[in-house]
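The values are calculated or read from the model by the stated rules, or taken from the named source; none is laboratory data. Computed from a prediction, not measured in an experiment: that's the story for all the values here. Cβ placement follows ideal geometry from the backbone for every residue including glycine, while neighbour counts extend to all protein chains displayed. Note: areas computed on protein heavy atoms with side chains; ligands, DNA, RNA excluded. Shrake-Rupley method; radii C 1.70, N 1.55, O 1.52, S 1.80 Å.
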Amino acid sequence: MVARIPYPATVPKYYAIASEVATMALLRSSGLPIPDVYGYSPAPDNAAETEYIFMEFIRGTKLSDIWLDLEERDLISVLHQLAQLESKMMSISFPAGGSLYYAQDLEKVAGGPGIPLKDERFCVGPDARLPLWYGRRSQLDVDRGPYESAEAALVRAAQKELAYLKQFGQPLLPFQRIRREAYRYQEQLPLDHIENLNRYLLIASSLAPKDPGLCHFRIRHPDLQQNNIVVSRSSDSNWRVIGLLDWQHASILPLFLLAGIPERLQNYDDPISQRLTRPSLPENLDDLDEAEQSRAKELYRRRLTHYHYVKRTEECNEPHYAALTDPVGMLRRRLFYHAGNPWEGETLALKVALVEAAEKWETLTGGGAPCPVVFDAEEVRETMKLDAVQRGADETLEACRNMIGFGPEGWVTTEHYEEAMTRSKQLKEDALAETTSAEERAEITAHWPLDDMDEEKYM
């Protein structure tokens, strides 16, 4: 058995625990490899004075432990199994969007039963996704669902962020310190993001696709990555997926918003992956030195994973494949997520998506009324120029990540921590040694992207 308690920073604790338990129960009853839940408390009103879940321990191997060692046929087999499991979970229909709960749990905090499923033990209630509750957002009295239409789902998170900025907004430096130089290390005003959120809300109701099948409410794993997948060797020595873990913050949304290749499996930045061309190793692989061969094999594996995830989805999950290959599907999702994500001192990503939406308005909406958001040529030029600079900054951070060996948000394994800290310190010393002025040295010292940082203002 596994006993899980939430991190102190987990929000919204009650909704996160209650929705995870109900989600696992429903999906397990639908034949998915989900841990059984033996007991839980979404509130700290118990002897341990904490929220908790007691769940089944699935004996097997984390896919992350063997991922880099998988043979190509095993990699394709695992991706095929994942596509089949996603097809099964995406075949479950829901009457509304939000998150899933036991009706009895939701009634205790929401004052009502939510929108019931056919199995009336379950209902759809408020959306438990983290961006809707992050930091002081949990104090806001805003509508977080359930959503009775795709149009409602498209606007609620953006309306939440507007309410947050009006109540708590303050000038901020970009949270990602590598991106501050482009703004000359000046704090950015929340008014710019408020303007772009209002622009988004002008077009949001037009973003739902015309195909009604893409607007049906469905559920999907919120973080389908190798560390949340348990596998085991079968009798024929093949790897079999036997468990899907960590359903916290799972959300029910229209299919066109849920679609996409999971973050750790995608390779969207690569032109070959974008074209869905079957990848191959370089013909001159044997002529490359050891480091070049390693990079070529790593790129090939990323391309192979991206390619076969899409191809296996095409075979197993036709509705998801339709949403995945919609020419403007990714733009719809970028608009939705950038508008709903917490503001962290930059509005650039949302503005770039809005510019693209205005340019592709007819394709995005099917024609009809003109786009209500208009940018002049100079504003578009300046926006895209800044975006190019920031993409270069992101590439610099990615190079640092590869050099030091850390993951998202600076995460490293315990075993690698001391070495990563040594490399990080050396990288900073090298950067300072190359400075040509006291001002440049002060900027690097104050905004070094790998130093500790007080995040309180961004909450």
### Message
Quick test for you: out of Ala48, Ala9, Ala18, pick the one residue that is hydrophobic (A, V, I, L, M, F, W, C) and closer than 23 Å to Phe217 by Cβ.
### Response
Ala18
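Looking only at residues in region 397-415 that are assigned to a helix (DSSP H, G or I) and loosely packed, with under 14 Cβ neighbours inside 10 Å, which one is nearest to the chain's Cα centre (by Cα)? If you could, list the steps in order and put the result at the bottom.
So in region 397-415, the residues assigned to a helix (DSSP H, G or I) come out as 397-404, 408-410, 414-415.
Now narrow it down to the ones that are loosely packed, with under 14 Cβ neighbours inside 10 Å: 398-399, 402-403, 408-409, 414-415.
Working: Glu398: 18, Ala399: 21, Asn402: 21, Met403: 24, Pro408: 12, Glu409: 13, Thr414: 24, Glu415: 27 Å.
Looking at residues that are assigned to a helix (DSSP H, G or I) and loosely packed, with under 14 Cβ neighbours inside 10 Å, I get Pro408.
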### Query
Pick from region 116-128 the residues that are open to solvent by 30 Å² or more (accessible area, probe 1.4 Å) and of a type in the set (D, E, K, R): which of them is nearest to Pro95 (Cα to Cα)?
Lys118
### Task
Quick one: which residue in Leu197, Leu191, Leu165 is open to solvent by 40 Å² or more (accessible area, probe 1.4 Å) and not polar (S, T, N, Q)?
Leu191
#### Entry: Qualifying positions in region 15-25 - more than 15 Å from Gly98 (Cα to Cα) and open to solvent by 20 Å² or more (accessible area, probe 1.4 Å)
Ala25
### Message
If a residue must be out of contact with any strand residue (DSSP E or B) (no Cβ under 8 Å at 6 or more places or on another chain), within 25 Å of Gln170 (Cβ to Cβ) and open to solvent by less than 30 Å² (accessible area, probe 1.4 Å), how many such residues does region 346-386 contain?
### Response
6
### Task
Report those helices (runs of 4 or more DSSP H) wholly inside region 254-341 carrying at least 2 residues which are under 18 Å from Glu398 (Cβ atoms).
271-274, 290-316
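With within 30 Å of Arg59 (Cα to Cα), surrounded by fewer than 17 Cβ atoms within 10 Å (Cβ to Cβ) and free of Cβ contacts under 8 Å to residues at least 12 places away in the same chain as the only criterion, which of Asp236, Asp223 stands out? Explain how you work it out, then say what you get.
Values: Asp223 fails: free of Cβ contacts under 8 Å to residues at least 12 places away in the same chain.
Being within 30 Å of Arg59 (Cα to Cα), surrounded by fewer than 17 Cβ atoms within 10 Å (Cβ to Cβ) and free of Cβ contacts under 8 Å to residues at least 12 places away in the same chain holds for just one of Asp236, Asp223, which is Asp236.
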### Task
Report yes if some residue within region 211-227 is of a type in the set (S, T, N, Q), at negative phi, part of a helix (DSSP H, G or I) and in contact with a strand residue (DSSP E or B) (Cβ under 8 Å, 6 or more places away or on another chain); otherwise report no.
yes
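Applying the selection to region 1-13, what residues are within 20 Å of Leu106 (Cβ to Cβ) and either surrounded by 21 or more Cβ atoms within 10 Å (Cβ to Cβ) or free of Cβ contacts under 8 Å to residues at least 40 places away in the same chain (or both)?
Residues of region 1-13 that are within 20 Å of Leu106 (Cβ to Cβ), as a first pass: 6, 10-13.
Of everything in region 1-13, those that are within 20 Å of Leu106 (Cβ to Cβ) and either surrounded by 21 or more Cβ atoms within 10 Å (Cβ to Cβ) or free of Cβ contacts under 8 Å to residues at least 40 places away in the same chain (or both) turn out to be Pro12, Lys13.
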#### Entry: Every residue from region 264-297 that is touching a helix residue (DSSP H, G or I) at 6+ places or on another chain (Cβ under 9 Å), closer than 23 Å to Gln225 by Cα and among the acidic types (Asp, Glu)
Asp270
## Note on the structure
For region 141-183, the count of residues that are over 22 Å from Ala349 (Cβ atoms), touching a residue at least 40 places away in the same chain (Cβ under 8 Å) and part of a helix (DSSP H, G or I) equals 3
### Query
Restricting to region 56-111, what's the tally of residues that are among the hydroxyl-bearing types (Ser, Thr, Tyr), surrounded by 15 or more Cβ atoms within 10 Å (Cβ to Cβ) and under 15 Å from Asn317 (Cβ atoms)?
1
### Query
Quick one: is Ser251 among the hydroxyl-bearing types (Ser, Thr, Tyr), under 25 Å from Glu20 (Cα atoms) and open to solvent by less than 40 Å² (accessible area, probe 1.4 Å)?
yes
### Task
Count, please, the residues in region 48-91 that happen to be within 24 Å of Ser19 (Cβ to Cβ) and over 27 Å from the mean Cα position of the chain (by Cα).
3
### Query
Which ones in region 239-250 are touching a helix residue (DSSP H, G or I) at 6+ places or on another chain (Cβ under 8 Å) and touching a residue at least 60 places away in the same chain (Cβ under 8 Å)?
Trp239, Arg240, Val241, Leu244, Leu245, Trp247, Gln248, His249, Ala250
